[in-house]
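Q: Take a look at the following structure, please.
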Amino acid sequence: MRKTTRFFVGVFIFAVMIYSLDKLFINKAGADILYTFRYEPDNSLDVLFVGASSCYRFYSSPELWHDYGIASYNLGTSEQSLSQSYYVLKYALEMQSPKLVVVDLNTGLRLREPYAMARVHQVMDNLEKNAVWFEMLDVYADEGNKVEFLFPLTLYHSRWKELEESDFLEIANDNKGISYNLATEEFDLFQKAPDDYYEEVPTEVYDYLHQIETLCQENNAELLYVFSPAHPVSYGEDWAKEQGWINTLCTDQAFKDHFLNLCDYIDEAGIDFGRDYSDTWHVNIAGAMKITDFLGKYLVEHYELPDRRTDSAYDGWSISYDRYCLEWTHKLEQAKIVSEDREYYLEIFSRNK
């Protein structure tokens, strides 16, 4: 009996050690977006966002909370393909019962076969291993590399030379998924692709679009597809053709009732291509505030979303918002940017409050 007890105690201690080392050694770049989602109280979020980096750069959940009382979380990750958006959403719906799901299709339409394993790890290494996680494992990993997902230490063990103080701390972020920056890059005015200028996307894209719609229906959540206005020069001809396909999708009877192409609302949102972009793919914090404000008005007008600001159960959200403001104003003070840009960010911030 004692030997059996010692054996199981030893196995337990070994498992705890492996789990702790896995958490220590994994690459934590971008980890906070998905990892901290687990701390949201069950069924407390009314809106979920999924999509690629354009999603977490364009849409600020703290701003939606402060201005409209919308409790939302942004689950966007770098280069998140449409298939990954489906599984991230499916994972999130195990814990949340949102009234609305927003899927950003910009850059997500390309399924990226074969999958970039680094980006898959960025998602899977930071989700809890539930039934959906193992479903993702079967989709994204073959028999040869399943071990590195099950035991990340086998992949990241050489990171011991790169470990920093932050690796030993609990992964934490109070920003509900947004990741912003304070860079500015100037571009010419936006030019929308003609409707007839496109190449058809793979049939798998339609499959995942319909799977996402079915998933939302099964969970009593409304669905809104959005297309964020990244500057087309970053994608060249291929992106223009993809954008042209998006234009046709807007008129497709199966999608047009729940599709918002933000490329059509550049002026209404007040986007300035000389100041509101950090690079050709993403907006900076000023652009995010403008796009989020426009989207917030649209959501309030078209969906029955509760204003949670007077609900005592959400008192922590106001505290989170205050931290978010302190964080980005501190970053603004520390940033090596010209005073003109600094003043512009402060102007947009105060204008939206």
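Q: What do you reckon, is Ala335 of a type in the set (A, V, I, L, M, F, W, C) and under 20 Å from Ser97 (Cβ atoms)?
A: Details: of a type in the set (A, V, I, L, M, F, W, C): yes; under 20 Å from Ser97 (Cβ atoms): no.
In short, no.
Q: Which condition number does Gln334 fail, the rest of (1) exposed (fewer than 12 other Cβ atoms within 10 Å of the Cβ); (2) out of contact with any Ser or Thr (no Cβ under 9 Å at 6 or more places or on another chain); (3) in contact (Cβ under 8 Å) with a residue 40 or more places away in the chain being met?
A: Tallying (1) exposed (fewer than 12 other Cβ atoms within 10 Å of the Cβ); (2) out of contact with any Ser or Thr (no Cβ under 9 Å at 6 or more places or on another chain); (3) in contact (Cβ under 8 Å) with a residue 40 or more places away in the chain, Gln334 fails exactly one: (3).
Q: Another question, if that's okay. So if I check each of Ile271, Ile266, which one is modelled with pLDDT of 85 or more and in a helix (DSSP H, G or I)? Step through it out loud before you land on a result.
A: Working: Ile271 fails: in a helix (DSSP H, G or I).
Answer to the check: Ile266.
Q: Continuing with the same structure: Does Asp311 satisfy the criteria of being over 25 Å from the mean Cα position of the chain (by Cα) and at pLDDT 90 or above?
A: Working: over 25 Å from the mean Cα position of the chain (by Cα): yes; at pLDDT 90 or above: yes.
Yes, satisfied.
Q: Could you name every one of the helices (runs of 4 or more DSSP H) located completely within the range 35-97 that has at least 1 residues being of a type in the set (D, E, K, R) and closer than 21 Å to Gln217 by Cβ?
A: On the way: elements: 53-58, 61-68, 82-92.
By residue number, 82-92.
Q: Turning to a different aspect of this structure: Being surrounded by fewer than 24 Cβ atoms within 10 Å (Cβ to Cβ), modelled with pLDDT under 90 and in contact with a helix residue (DSSP H, G or I) (Cβ under 6 Å, 6 or more places away or on another chain) is the filter; apply it to the range 33-85 and report the residue that is nearest to Gln96 (Cα to Cα).
A: The qualifying residue nearest to Gln96 (Cα to Cα) is Ser83.
Q: So, of the residues in the range 201-220 that are in a helix (DSSP H, G or I) and of a type in the set (Val, Ile, Thr), which turns out to be nearest to the chain's Cα centre (by Cα)?
A: Our first condition is that a residue be in a helix (DSSP H, G or I); within the range 201-220, this holds for 203-218.
So of that shortlist, the ones also of a type in the set (Val, Ile, Thr) come out as 203, 205, 212, 214.
Details: Thr203: 24, Val205: 19, Ile212: 16, Thr214: 21 Å.
Here the answer is Ile212.
Q: Still on this structure, please answer the following. Just to be sure, is Ile348 over 23 Å from Thr36 (Cβ atoms) and surrounded by fewer than 18 Cβ atoms within 10 Å (Cβ to Cβ)?
A: Values: over 23 Å from Thr36 (Cβ atoms): yes; surrounded by fewer than 18 Cβ atoms within 10 Å (Cβ to Cβ): no.
Against the criterion (over 23 Å from Thr36 (Cβ atoms) and surrounded by fewer than 18 Cβ atoms within 10 Å (Cβ to Cβ)), Ile348 does not qualify.
Q: Please give the number of the condition Asn126 fails out of (1) assigned to a loop (DSSP other than H, G, I, E, B); (2) at pLDDT 95 or above; (3) surrounded by fewer than 24 Cβ atoms within 10 Å (Cβ to Cβ).
A: The single condition Asn126 does not satisfy is (2).
Q: Report, by residue number, each residue of the range 275-284 that is surrounded by fewer than 23 Cβ atoms within 10 Å (Cβ to Cβ) and modelled with pLDDT of 85 or more. Talk me through it step by step, then tell me what you get.
A: At the first step, the residues of the range 275-284 found to be surrounded by fewer than 23 Cβ atoms within 10 Å (Cβ to Cβ) are 275, 278-281.
Hits for the range 275-284 are Arg275, Ser278.
Q: Which condition number does Phe273 fail, the rest of (1) in contact (Cβ under 8 Å) with a residue 24 or more places away in the chain; (2) out of contact with any His (no Cβ under 9 Å at 6 or more places or on another chain); (3) farther than 22 Å from Val102 by Cα; (4) hydrophobic (A, V, I, L, M, F, W, C) being met?
A: (2)
Q: Would you mind finding the one in Leu305, Leu295 that is modelled with pLDDT of 95 or more, closer than 26 Å to Val132 by Cβ and surrounded by 18 or more Cβ atoms within 10 Å (Cβ to Cβ)? Quick ask: steps written out before the conclusion?
A: Numbers: Leu295 fails: closer than 26 Å to Val132 by Cβ.
Residue meeting the stated conditions: Leu305.
Yes/no per residue for (1) of a type in the set (Phe, Trp, Tyr); (2) in contact with a helix residue (DSSP H, G or I) (Cβ under 7 Å, 6 or more places away or on another chain):
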| site | (1), (2) |
| --- | --- |
| Leu260 | no, yes |
| Asp267 | no, no |
| Ile271 | no, yes |
| Arg275 | no, yes |
| Ala286 | no, yes |
| Thr292 | no, yes |
| Tyr298 | yes, no |
| Ser312 | no, no |
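Q: Which one of these does Leu111 not meet: (1) modelled with pLDDT of 85 or more; (2) part of a loop (DSSP other than H, G, I, E, B); (3) of a type in the set (A, V, I, L, M, F, W, C)?
A: Going through (1) modelled with pLDDT of 85 or more; (2) part of a loop (DSSP other than H, G, I, E, B); (3) of a type in the set (A, V, I, L, M, F, W, C) one by one, Leu111 breaks only (1).
Q: Condition (residue is at pLDDT 55 or above and either farther than 20 Å from Asp207 by Cβ or crowded, with 18+ Cβ neighbours inside 10 Å (or both)) applied to the range 153-161: is it met by at least one residue? Can you show your working first?
A: Going residue by residue through the range 153-161, those that are at pLDDT 55 or above are none.
Within the range 153-161 (the criterion being at pLDDT 55 or above and either farther than 20 Å from Asp207 by Cβ or crowded, with 18+ Cβ neighbours inside 10 Å (or both)), the answer is no, since none of the residues qualifies.
Q: Among the residues of the range 300-350, write down those that are under 20 Å from Tyr277 (Cα atoms), aliphatic (A, V, I, L, M) and not in a helix (DSSP H, G or I).
A: Correct list: Ala335, Ile337, Val338.
The values are calculated or read from the model by the stated rules, or taken from the named source; none is laboratory data. Just so you know, these numbers come straight off a predicted model, no measurement behind them. In this analysis, Cβ positions are derived from the backbone assuming ideal geometry, glycine residues included, and neighbour counts consider all displayed protein chains.
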